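Written below as structure tokens is the structure these notes are about.
The values are calculated or read from the model by the stated rules, or taken from the named source; none is laboratory data. Because the structure is a prediction, the values reported are computed rather than measured. Because the Cβ atoms are built from the backbone with ideal geometry, glycine has one as well, and the counts that use them run over all protein chains shown.
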Amino acid sequence: MFDSLEIIKENSHEEVSLKLHELIAEFLKDNKEFNLGLSGGSTPKFFYQTFAESFKENSEISLWTIDDRHAPLNSEISNQRMINAIFSQTKMNILELQFNEDPNTSAEQYSKLILSKIQKFNSAILGVGNDGHIASLFPNTSAMNDKSIGFVANEVNILSKWRITSTFQLLSEIENIYLLVTGEKKSDILKKIGKDNGLPVNQLIKNRKKTTLLTDQKI
């Protein structure tokens, strides 16, 4: 197990989500301005809803999207759509990922937006796929080798042909990364996290001084 990986074990998905809320709330006490990178999927929804309710009046919080399928905002598979639905009624600043016909243009424009608005990345929440992918950095895809700090288009052909994703370098720059991995279906991949096996999640952990894994499963 990598020394840079901190593991927090709770008894349920809800307890894990509330622990994550506690960690970020503690960080917010000492940081007036705060930015948080958000992933898609169903796993972080309970945390997002709790966080949105707790800090709905805080206009000093900026939210950005870690990755998304290259699909219209009205698509059911759009991460941005889900983020907007939860946080649009708050005073938080949503740095929205916009979509052009060309995924490379979408990635370039989002890179410019995020890097112009955020000088220091505070925190981000990542899930981990059963193949070890994080964000939309899937094994054996071109974005795995991108050395830039920003966002790139990545051809994955999973639910959508293209994805827009943070690069490894951008994720490595973030002060606090929380891996939110819950449920029995994640038991197998959890056994592979923190080991030198070349999985995207472990490449990221190796590049960072500290990464926090929160789970409700045995490791």
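Screening SER59 on (1) out of contact with any His (no Cβ under 9 Å at 6 or more places or on another chain); (2) at pLDDT below 95; (3) not charged (D, E, K, R) shows it passes everything except condition (2). Screening ALA124 on (1) more than 14 Å from ILE164 (Cα to Cα); (2) in contact with a helix residue (DSSP H, G or I) (Cβ under 6 Å, 6 or more places away or on another chain) shows it passes everything except condition (2). Among the residues of this structure, ASN140 does not count as one that is on the phi > 0 side of the Ramachandran plot, outside any loop (DSSP other than H, G, I, E, B), without any contact (Cβ under 8 Å) to a residue 24 or more places away in the chain and of a type in the set (S, T, N, Q).
Hey, any hits in the range 132-141 for a residue that's out of contact with any Cys (no Cβ under 6 Å at 6 or more places or on another chain) and within 20 Å of PHE55 (Cβ to Cβ)? No: the range 132-141 contains no residue that is out of contact with any Cys (no Cβ under 6 Å at 6 or more places or on another chain) and within 20 Å of PHE55 (Cβ to Cβ). The set of residues in the range 146-165 being outside any strand (DSSP E or B) and either acidic (Asp, Glu) or in contact with a helix residue (DSSP H, G or I) (Cβ under 9 Å, 6 or more places away or on another chain) (or both) consists of ASP146, LYS147, SER148, ILE149, GLY150.
Quick check on this structure: which one of ASP30, ASP3 is closer than 20 Å to ILE134 by Cβ and without any contact (Cβ under 8 Å) to a residue 12 or more places away in the chain? Before you say what the answer is, go through the steps one by one.
Numbers: ASP30 fails: closer than 20 Å to ILE134 by Cβ.
Just a single option satisfies the conditions, and that option is ASP3.
Just name the residue that is surrounded by the most Cβ atoms within 10 Å (Cβ to Cβ) out of those in the range 90-118 that are at pLDDT 95 or above and in a loop (DSSP other than H, G, I, E, B). The extreme case among them is LEU97.
In the range 91-110, the residues that are touching a residue at least 40 places away in the same chain (Cβ under 8 Å) form Cβ pairs under 8 Å with partners that are part of a loop (DSSP other than H, G, I, E, B) and hydroxyl-bearing (Ser, Thr, Tyr), at six or more places apart or across chains, as follows: MET92/SER59. When ASN122 is tested against (1) touching a residue at least 60 places away in the same chain (Cβ under 8 Å); (2) under 20 Å from THR43 (Cβ atoms); (3) crowded, with 16+ Cβ neighbours inside 10 Å, only condition (2) is not met.
Look at (1) within 26 Å of ASN74 (Cα to Cα); (2) assigned to a strand (DSSP E or B); (3) out of contact with any helix residue (DSSP H, G or I) (no Cβ under 6 Å at 6 or more places or on another chain) and you find that LEU179 fails only one, number (1). Answer yes if at least one residue in the range 120-131 is out of contact with any Leu (no Cβ under 7 Å at 6 or more places or on another chain) and hydroxyl-bearing (Ser, Thr, Tyr), and no otherwise. No: zero hits. Going through the range 64-77 one residue at a time, which ones are in a loop (DSSP other than H, G, I, E, B) and in contact (Cβ under 8 Å) with a residue 12 or more places away in the chain? Matches in the range 64-77: ILE66, HIS70, ALA71, PRO72, LEU73, ILE77.
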